[in-house]
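**Student:** This structure is in structure tokens; I'll ask about it shortly.
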Amino acid sequence: VNRLLQDLAPHSSKRISEYAQSHSGVLDLTVGLPSFGPPRAFGDALSALARPLRASALPYDRYAHSRGAPELRDAIASVYASEQGVDLDPATTLLITNGAAGALWTGLLAVTEPGDEIMISDPCYMIYPPMIELLGRRPVRVPTDQTDGFALRPSRIQEALTQRSRVVLVNSPGNPTGAVHDEADLATLCDFAEKHGLFVMQDEVLDRYCFRGRHRSVVAVDRHGVGIAVNSLSKRFGMAGWRIGWLAGASQVVEQAAKAHTHFLLAVNHAVQLAAATALSDAGVDAEVSRHANELHDRGLRFLSALREVPGLSVPSRLDGGFYAFVGVRDFALLHHLVPDDGQTTGEAVAEHMLHKRGVAVVPGSAFGNAGADYVRMSFAGDPQQLDDAVCKLQSN
Ligand SMILES: Cc1ncc(COP(=O)(O)O)c(C=O)c1O
């Protein structure tokens, strides 16, 4: 069997969240899915599509168009026009994929060759490094600073630059840190990328959870044709299980990504694409999504301020984006005499303690890179009552 795959360990967060799900008393703060479900318009559209089967085949019994159902590409282009003020040609610059994860690998495959280097921040979303390695490319970690909001900066990228560098992968708003790259940050990254022959791929799945200024997409900011956006309905609509995502970028890039997508997967679930198109075009949905995002922002602010009352936790002073708290735990470990085992990080020792002694499941920061060694990630996207209970359990001695 494939040695690369054999050597790949499962994510530590998967082990912890599986434990939490199979132990009913555990409060699960590992989950990155908003507690509200998809908009009603999505469910209504899907029910209409699933009306009793007829004798004859329905249009969505067929494969969808290999680039995605035209209805969905049109709806996504309209969203970018109204939210970002950018015109995306639905015929050539959009590819529908199985979630943002599908857009990440097809997009990366399209713009790199085996052995090329893809620059990612330390810390970053946990699937980037194994995905890049499995594609036969090299993930290169670029350090970030907590004092700078964990932003990915050209000066640090410059230090990691080699002949094989091809892509800067930026996640804004970011998981796990909440880092937000504003219009000026993205424009600077694109200028830098153009100068050095790189692409800037932005994972913007958390776009509707930007709490510092207005979310900007690299495809709206880029003036050089180097910007590629990866997005999905997973977080925007709280419907990760339905697997609708997309890649947006220059037509030459999307054309190659579409080939890879066709050869591996043929197409994405047709009926779900049509229901997603209806939901995205529904007049009431934008307001519903904004209401949910505002609710999550309030919930996050309350959660952060409650966490500040827990001795030993270093809680971020502001909430720029996303729905995670990336919390420093070095003092918490000292206070509770938690000594990491050999090879274990402080964050891992604290996550074990929180799980087994407090009944609170969190993700050790090491899952996101070495820079996360002294952190844990707590999601505040779930049930608000559960968050209150978790804080009480963490406060108790
Ligand atoms: C930053 C980030 N990118 C991508 C994904 C995957 O998104 P999708 O479910 O659309 O594949 C996630 C899921 O948690 C994420 O947090």
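**Student:** Along the stretch 236-242, what does the Karplus equation 6.51 cos²θ - 1.76 cosθ + 1.60 (θ = phi - 60°) give for ³J(HN,Hα), rounded to whole Hz, x for Gly and Pro?
**Tutor:** 3J(HN,Hα) across the stretch 236-242, in whole Hz: 3, 9, x, 9, 4, x, 8.
**Student:** What is the Cα centroid distance between the stretch 2-23 and the stretch 196-212, reported in whole angstrom?
**Tutor:** 27 Å
**Student:** Something else about it: Treat each spin label as a single point 7 Å out from the Cα along the C-beta direction, and report the residue 56 to residue 145 distance in nm.
**Tutor:** 6.7 nm
**Student:** Now for a separate question. Show 342, 286, 148 ordered by accessible area, largest first, where the area counts protein heavy atoms only and the probe is 1.4 Å.
**Tutor:** Numbers: 342 160, 286 80, 148 60 Å².
Correct descending sequence by accessible area is 342, 286, 148.
**Student:** What is the calculated FRET efficiency for residue 294 to residue 40, with r their C-beta to C-beta distance and R₀ = 30 Å, to the nearest 0.05?
**Tutor:** Numbers: r = 18 Å, r/R0 = 0.61.
E between residue 294 and residue 40, to the nearest 0.05, is 0.95.
**Student:** Starting from the amide H of residue 321, placed 1.01 Å from N in the peptide plane, find each other amide H under 5 Å away whose residue is 5 or more places distant or on another chain.
**Tutor:** HN-HN under 5 Å from residue 321: 211.
**Student:** Here's a follow-up. Considering amide H positions built from the backbone, and no H for Pro or chain starts, which residues 5 or more places from residue 58, or on another chain, come under 5 Å of its amide H?
**Tutor:** Placed amide hydrogens put nothing under 5 Å from residue 58.
**Student:** Evaluate the distance, in nm, between pseudo-label points positioned 7 Å from the Cα of residue 196 and of residue 341 along their respective Cα→Cβ axes.
**Tutor:** About 3.9 nm, to one decimal.
**Student:** Okay, moving on. With every protein chain kept in the model, how would you rank 246, 105 by accessible area, 1.4 Å probe, largest at the top? Kindly include the intermediate steps, with their values, before the conclusion.
**Tutor:** Values: 246 5, 105 55 Å².
The residues order as 105, 246, largest area first.
**Student:** State the percentage of accessible surface on the chain attributable to carbon and sulfur atoms; use a 1.4 Å probe and exclude ligands, DNA and RNA. Write out the running numbers ahead of the final one.
**Tutor:** On the way: 8760 of 17240 Å².
That share works out to 51 percent.
**Student:** Might you tell me the accessible area per residue for the stretch 351-397, computed with a 1.4 Å probe and given in Å²?
**Tutor:** Working: 1700 Å² over 47 residues.
On a per-residue basis, 36 Å².
**Student:** What does the extension gain come out to for residue 163 and residue 259, with contour length at 0.36 nm per residue minus their alpha carbon separation? It would help to have the intermediate numbers written out before the result.
**Tutor:** Numbers: separation 96, 0.36 × 96 = 34.56 nm, distance 2.67 nm.
Taking residue 163 through residue 259 to full extension adds about 31.9 nm, to one decimal.
**Student:** Moving to a separate point now. Between residue 179 and residues 5 or more places away or on another chain, which pairs have amide H atoms under 5 Å apart, with H built 1.01 Å from N, and which residues are they?
**Tutor:** Amide H neighbours of residue 179: 174.
**Student:** Continuing with the same structure: How much length is gained if the chain between residue 87 and residue 251 is pulled fully straight, taking 0.36 nm per residue apart and subtracting their Cα-Cα distance, in nm to one decimal?
**Tutor:** Working: separation 164, 0.36 × 164 = 59.04 nm, distance 1.28 nm.
Gain on stretching residue 87 to residue 251: 57.8 nm.
**Student:** Going Cα to Cα from residue 357, which lysines come in below 30 Å? Please leave out same-chain ones fewer than 8 positions away.
**Tutor:** Answer for residue 357, where 30 Å is the Cα cut-off: 14, 393, listed by chain and number.
**Student:** Sticking with this one: From the protein chains alone at 1.4 Å, what is the descending order of accessible area for 127, 132, largest first? Let's see the in-between values first.
**Tutor:** Working: 127 40, 132 0 Å².
Result, largest first: 127, 132.
**Student:** I would also like to ask the following. Mind listing the phi-derived Karplus ³J(HN,Hα) values for the stretch 4-10, rounded to whole Hz, using 6.51, -1.76 and 1.60 with θ = phi - 60°, and x for any glycine or proline?
**Tutor:** 4, 5, 4, 7, 7, 7, x
**Student:** Residue-wise, which Karplus ³J(HN,Hα) couplings in Hz belong to the stretch 227-235, taking 6.51 cos²θ - 1.76 cosθ + 1.60, θ = phi - 60°, and x for glycine or proline?
**Tutor:** x, 10, 10, 10, 8, 6, 8, 4, 8
The values are calculated or read from the model by the stated rules, or taken from the named source; none is laboratory data. Nothing here was measured: the structure is a model prediction, and the numbers come from that model. As a convention, Cβ positions derive from the backbone with ideal geometry for all residues, glycine included, and neighbour counts pool all protein chains shown. For accessibility, only protein heavy atoms count, side chains too; no ligands or nucleic acids. Shrake-Rupley method; radii C 1.70, N 1.55, O 1.52, S 1.80 Å.
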